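Trainee: The structure under discussion is supplied below as structure tokens; questions concerning it will follow.
What follows is calculated from the coordinates using simple rules that are stated; it is not laboratory data. Computed from a prediction, not measured in an experiment: that's the story for all the values here. Note that each Cβ is placed from the backbone with ideal geometry, even for glycine, and that neighbours are counted across all protein chains shown.
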Amino acid sequence: MPAPDPPLVFLMGNFEAEFPIDRRYAKNHMWGQFVAGVWRFGFAAYAVRLLQDVYFLDWSVEAGASLAERQELGSIESKKAESSLYAPIGGRLVRFNDQLLSDPSAINLDKYAAGWIFEIDGSGESLLSPQGYLEHLAAVWEVTQRTIKGQMNE
Amino acid sequence: MAKRIAVVVSQGQSASPAKRQLEEEIVGGLLMEPGIDLVLIPHLYDLKADGTGVLALRGIMGNMIVLSWLYERGARWTLDRAGICGREGLTTIKPVEDDEDEEADEAAAEADEKQRVGASRDLPNRKIYCLDLRVHPAAQPYLDEVKRIARENAMQLVSLDSGLGGFGGLAGLSGLGGQPRPEQLARYVQPTNDTALPLAGVLAPAAVMRIDEEPGRRWYPVIDYSRCTNCMECIDFCLFGVYGVDKVETILVEQPDNCRKGCPACSRVCPENAIIFPQHKTPTIAGAAMVAESLKIDLSKLFGAPETGESAEQAAIRERDEQLLLAGRQTVGAQVGLPKRHEPQAAGAKDELDSLIDALDNF
């Protein structure tokens with residue numbers, strides 16, 4: 001079996017965030033992979049690096065719900081942050097990874113596989129290629145740093 | 001006779017090691033404390049309506065201290081909804097900024113002539129102290145406060161039937177009127193595995209009861225009856241059958257599990273801010289006395305939070321319509337359940353009864 005293609009890398013300061021090229025990416029820093037007819041999403045390395053250890057996930061919608069793109073669907077608490085979560089694409093939310101409710105550690109340990117978060121039946125047209133996502137990261141990296149520093153100083 | 005007090009530790013949903021450690025240090029620090037009985041439960045808000053956790057808490061007849069990862073008001077009224085009622089025990093565990101807020105509350109209370117539902121409720125003669133575990137990062141302030149309350153408790157004269165000792169005067173008997181039902185008595189005399197409780201002597205160190213119920217996540221409103229005026233705006237606004245009224249026409253959360261996950265719309269339209277969703281991310285909806293800034297970074301903008309400039313009422317209408325759509329029903333916009341805030345119907349829509357009522361008003 002040939003070795004998998006190497007992931008793309010984005011430098012967050014000294015941290016090398018890796019992005020596998022076998023999937024697509026949403027601007028809200030989730031990866032999306034088309035699995036068995038639906039889009040499966042999880043946090044990309046960029047988000048996980050900012051969150052660090054994830055302690056708690058909660059959903060404000062039920063499986064089966066129809067979502068608009070960027071509709072709020074839950075919240076997350078981690079070592080470094082708490083945040084609401086939003087739908088990366090529009091569509092029907094097929095299921096959540098319920099394992100993460102009692103133990104969210106897979107998000108940190110295996111973000112690109114077992115740490116998947118939910119599946120949406122919808123169009124992945126708006127998702128970016130790995131290369132396109134890296135360009136997006138380069139464009140938002142300055143703003144991200146300012147967001148974090150700004151809030152730290154408050 | 002000195003009286004034992006029950007200390008309930010409600011475990012958080014979060015896997016945060018800091019939170020787990022705080023819970024463990026509090027439990028560890030109270031284990032050898034005389035006169036205290038410990039009850040460990042999963043997250044209070046998630047307990048099933050008639051699960052072992054709620055039954056165990058209802059069985060505690062005396063004073064009780066409840067430590068949870070909820071705002072004081074959120075915890076108090078969640079307990080109340082589960083039929084675990086009592087008078088408010090005052091605690092010194094408060095967010096720092098709370099002082100000013102209390103003064104504001106008092107000022108508001110003086111000017112307040114509204115009739116609150118709480119004033120007419122008949123509560124059992126015992127106190128429930130709710131301590132918010134998010135106020136202090138260390139266990140010591142909580143241990144000190146629990147011991148302070150326990151001392152205060154031990155000195156009080158007791159009018160309850162606490163002769164059984166153990167579990168804070170726990171008699172294995174629930175019910176608001178204090179009168180045990182026959183099946184409750186039977187359960188006490190011949191306990192099942194679920195209801196058997198250790199009975200400890202008054203001076204013995206803590207008896208520990210651990211409730212291993214595994215509840216799923218729940219979502220429902222609880223009503224703060226010290227604020228509620230029974231105006232019925234919530235029952236008019238909610239179209240999912242969550243609210244009802246009791247025999248004396250007092251509003252209550254009748255079918256909590258009819259509530260739509262994540263939707264806090266009724267709380268937004270409540271004119272008294274009396275409806276609490278203890279798990280909502282907005283502190284005022286979750287029962288905070290005041291809005292406290294989080295210590296953690298909010299990454300919501302990064303994850304795609306839209307900019308909104310909508311009012312509470314607009315948000316409530318939008319949230320309700322979203323839930324109606326999810327349930328496969330028609331949206332209603334602002335047309336249902338906001339009677340007091342909108343222009344009256346066109347004059348032509350009045351029928352005979354309306355005219356009669358108008359005439360009465362004029363009279």
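Trainee: Take B:LEU325 and A:LEU11, extend 7 Å from each Cα along the Cα→Cβ direction, and tell me the distance between the two endpoints in nm.
Mentor: Computed distance between label sites B:LEU325 and A:LEU11 equals 4.5 nm.
Trainee: Using the Karplus curve 6.51 cos²θ - 1.76 cosθ + 1.60 with θ = phi - 60°, what ³J(HN,Hα) values do you get for each residue of segment A:94-109, in whole Hz, with x for Gly and Pro?
Mentor: Computed from phi, the couplings for segment A:94-109 are 6, 6, 9, 7, 5, 4, 6, 5, 8, 9, x, 5, 4, 4, 7, 7 Hz.
Trainee: What are the residues whose amide H is under 5 Å from the amide H of B:CYS130, where those residues sit 5 or more places off or on another chain and H is modelled from the backbone?
Mentor: B:VAL66, B:GLY89
Trainee: Inside 10 Å of the C-beta atoms of A:75-87, what's the mean count of C-beta atoms belonging to other chains?
Mentor: Taking the mean over all residues of the peptide, I get 6.
Trainee: Right, another one. What order do you get for A:TRP59, B:TRP77 when you list them from fewest to most C-beta neighbours inside 10 Å?
Mentor: The fewest-first ordering by Cβ neighbours comes to A:TRP59, B:TRP77.
Trainee: Take the alpha carbon atoms of segment A:108-138, find their center, do the same for segment A:22-63, and report the distance between the two centers in whole angstrom.
Mentor: 6
Trainee: What is the fewest-to-most order of B:CYS270, B:CYS130 by other Cβ atoms lying within 10 Å of their Cβ?
Mentor: B:CYS270, B:CYS130
Trainee: Highest mean first, how do B:255-266, B:135-146 rank when packing is the count of other Cβ atoms within 10 Å averaged over residues?
Mentor: The densest-packed peptide leads the list: B:255-266, B:135-146.
Trainee: Under the Karplus relation 6.51 cos²θ - 1.76 cosθ + 1.60, θ = phi - 60°, what is the ordered set of whole-Hz ³J(HN,Hα) values for segment B:117-132, x standing for Gly and Pro?
Mentor: 4, x, 5, 9, 8, 9, 9, x, 7, 8, 10, 10, 9, 10, 10, 8
Trainee: Percent of alpha carbon pairs in segment B:208-339 separated by more than 24 Å?
Mentor: The proportion of pairs with Cα distances above 24 Å equals 35 percent.
Trainee: Another question, if that's okay. With a/c under 1.5 counting as rounded, go ahead and sort chain A into rounded, prolate or oblate using the C-alpha gyration tensor (a ≥ b ≥ c being the square roots of the eigenvalues; past the cut-off, prolate if a/b is larger than b/c, else oblate).
Mentor: rounded
Trainee: What average number of partner chain Cβ atoms lie no more than 10 Å from the Cβ of the residues making up A:61-67?
Mentor: 4
Trainee: Using the Karplus curve 6.51 cos²θ - 1.76 cosθ + 1.60 with θ = phi - 60°, work out ³J(HN,Hα) for each residue of segment B:251-265 in order, rounded to whole Hz, and write x for Gly and Pro.
Mentor: Values per residue, Gly and Pro as x: 4, 8, 7, 7, 10, x, 7, 6, 5, 8, 3, x, 8, x, 4 Hz.
Trainee: As an exercise, identify the trypsin sites (Lys or Arg not before Pro) in segment A:58-154 lying in DSSP coil whose Cβ has no more than 15 other Cβ atoms within 10 Å.
Mentor: A:LYS79, A:LYS80
Trainee: Ok, one more. Mind listing the long-range amide H neighbours of A:TYR55? Cut-off is under 5 Å, sequence gap 5 or more, other chains count too, H placed in the peptide plane at 1.01 Å from N.
Mentor: Counting only residues 5 or more places away or on other chains, the set is A:GLU77, A:SER78, A:LYS79.
Trainee: While we're here: Using modelled amide H (1.01 Å from N, peptide plane; none on Pro or chain starts), what sits under 5 Å from the amide H of A:LEU8, excluding residues fewer than 5 places away?
Mentor: Sorted by chain and number, the residues that satisfy this are A:PHE19, A:ILE21.
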